[in-house]
């Protein structure tokens, strides 16, 4: 009888996960191995597996792939779903949308998933750009970056983890961290966190007496009915941000290249003290400072160039009421993405996992398919949100390795 109940439980998980997988692929959302495993664990927990008996192991993933003939071949963001006409129409409309704003007051924000402890192991690569699970792959943060058009105001990165206060920061004033830390049990962005961040941004702009225009994608967690005084939201057309969102034109990729450069250098620096790269201790505080340093490394010129690539051009009169008058380069700025990749390749040559060296491109792309939010945006995810900074919460759900 117990065997039958276990089989029924496993079948329910498999059916639920497969239905979700098919739904995401119809939206051209790339799904990687670790993402599938993490979602399966979430389903198991929601079905009553509070003790974590269902592991969603690599063996489970292999059986799931075989049973459903699933191949994790990542598409490039949303590019496959982009309607050329939609993109062209947007770029025609864009000058009118931004004409009353100084470029210093035009912003873009976007989220990305980050496996912050993932070592450069070629065995984690499926086909070309996908990743397959393991202990390290479960250490995922969601990071949101936000910058203005000129790159002169890169806001503190938002980092969402699972622990309300990771053990390594228990004696640190969270407000003084170089990132804005949030937490919930899924480490996903949700509407509660995003709305709270928006209200904070609005207060900052009120104090600065600035009115800004914030461009963002139409993810379900990006609430459109928030009442703001000094921040106006402008949503990109659906399924088009791969082509028209500045942060998607190399900024996030360059940010991840910098981050993984810091990670690999840390592994090399500690190589003599451990038996394998997997034994190197990487804390939440390490990740927080690498995220900050990586974001600081993105140059103003790179940001201006990516905005220009997506149709943001200065061919209108700037608002005279703004005291800041920007000076933009007349010549196209070469995005330093390729140099970041080349530098990472050089560092990776010093690390051989399982007898092979992973390429920088594969390492940077490895979590491209990781969703930064629950695409279904269900109510249960909203209820799981935990506000920051209480030590009592941390004692219950804290990852001891962080």
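Summary table
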quantity: Segment 25-58: number of residues that are at pLDDT 70 or above and not in a loop (DSSP other than H, G, I, E, B); calculated: 15
quantity: Residue 357 vs. criteria at pLDDT 75 or above, closer than 30 Å to residue 35 by Cα and in contact with a helix residue (DSSP H, G or I) (Cβ under 7 Å, 6 or more places away or on another chain); calculated: no
quantity: Helices (runs of 4 or more DSSP H) completely within segment 174-288 that count 1 or more residues being on the phi > 0 side of the Ramachandran plot; calculated: none
quantity: Candidate set: segment 173-185, residues that are in contact (Cβ under 8 Å) with a residue 12 or more places away in the chain and surrounded by fewer than 23 Cβ atoms within 10 Å (Cβ to Cβ); chosen: the one farthest from residue 284 (Cα to Cα); calculated: 185
quantity: Some residue of segment 342-354 being outside any strand (DSSP E or B), in contact with a helix residue (DSSP H, G or I) (Cβ under 8 Å, 6 or more places away or on another chain), more than 20 Å from residue 270 (Cα to Cα) and modelled with pLDDT of 65 or more; calculated: yes
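The values are calculated or read from the model by the stated rules, or taken from the named source; none is laboratory data. Owing to the predicted nature of the structure, the values given are computational and were not obtained by experimental measurement. Cβ: placed from backbone, ideal geometry, glycine included. Neighbour counts: every protein chain shown.
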